[in-house]
Amino acid sequence: MAKRSMSCEPVVALVMAAGYSRRFGAADKRLAPLCASTLLAQSVDSARRAFPVVRIAVRSDDTMEGFDERELIRVKGARNGLGASIGEAFTQLARDPAFEGVEAAAVLLGDMPYLRLETLNTLCQQAAFDRIVVPFYREAPGHPVIFGRAFWAELAALCGGEGARAVLAAHAAHRYRMPVDDPGVHLDIDRPEDLA
């Protein structure tokens, strides 16, 4: 299928927030205060500004106050790593009739609250069924990565802790490198001091 540009309408945002964030310490990183909100809420709000539909992958036993249950994708194997969570999330996305016409999914991380709206819109414009769009800032890849639906089955099959690296490596010819002027594609919060 030929590559083609699109708006954000046929792209769903998937915010990954099922990890245990051990480097952050005992506290739940997702609830860390940030800009009169929380880290996760700020990251989700960034996604909502750009994408018409947002889903948030969380652990199956999470109590997610302040979030609409209909937006949540509950994953059971979060302890097995990011790849396992991505696998479960894409399995649910692919089976949901509500996403039958969706051609791509933007995978965002729940600890990256500083993405610019312009960046997300630019990435969306390059999304396509058979394309993987990767933002590059100062010659280094970042997030979010937009995966065309052609790759969803492989994402759904992930089960380890390496995230989607194997899918990216297997489809170098389908990767589209998108230069952006946004340090937010690299700014994730791993430790409490990163909030400063």
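Nothing charged except the Cβ atoms of Lys and Arg (+1) and of Asp and Glu (-1): what's the magnitude of the dipole of the chain about its Cα centre? Round to the nearest 20 debye.
Value, rounded to 20: 400 debye.
Write out the GluC sites (Glu not before Pro) in the range 1-109 meeting two conditions: DSSP loop, and at most 15 other Cβ atoms within 10 Å of their Cβ.
Sites meeting the loop and neighbour criteria: E65, E100.
Does the range 62-164 come out rounded, prolate or oblate, given a ≥ b ≥ c as the square roots of the eigenvalues of its C-alpha gyration tensor, rounded meaning a/c under 1.5 and, failing that, prolate meaning a/b above b/c?
rounded
Among the Cys residues of the chain, which have no other cysteine Cβ under 4.7 angstrom away?
C35, C159
Return the single residue from A47, A169, A78 with maximal mean-square fluctuation; model: Gaussian network over the chain, springs between Cα atoms under 10 Å.
Result for the chain, Cα springs under 10 Å: A169 fluctuates most.
Which of the trypsin sites (Lys or Arg not before Pro) found in the range 120-196 are in a DSSP loop and have at most 16 neighbouring Cβ atoms, other than their own, within 10 Å?
R138
Compute the normalised compactness of the range 42-87: alpha-carbon radius of gyration over 2.2 N^0.38 Å, N being the residue count.
Cα Rg divided by the expected 2.2 N^0.38 Å: 1.20.
Just the number, please: carbon plus sulfur as a percent of the accessible area of the chain, 1.4 Å probe, no ligands or DNA/RNA counted.
51 percent
Using a Förster distance of 41 Å, how high is the FRET efficiency between A170 and R70, based on the Cβ-Cβ distance and rounded to 0.05?
So the FRET efficiency works out to roughly 0.80.
For the chain, state the semi-axes of the equivalent ellipsoid (square roots of 5 times the eigenvalues of the alpha-carbon gyration tensor), sorted largest first and rounded to whole angstrom.
So the three semi-axes of the chain are 24, 19, 16 Å.
Suppose all protein chains stay in the model; what accessible area per residue would a 1.4 Å probe give for the range 1-101, in Å²?
That works out to 52 Å² for each residue.
The values are calculated or read from the model by the stated rules, or taken from the named source; none is laboratory data. Since the structure is predicted, the reported quantities are computational estimates derived from the model, not experimental observations. So basically every Cβ, Gly included, is an ideal-geometry build from the backbone, and we count neighbours across all protein chains shown. For accessibility, only protein heavy atoms count, side chains too; no ligands or nucleic acids. Shrake-Rupley method; radii C 1.70, N 1.55, O 1.52, S 1.80 Å.
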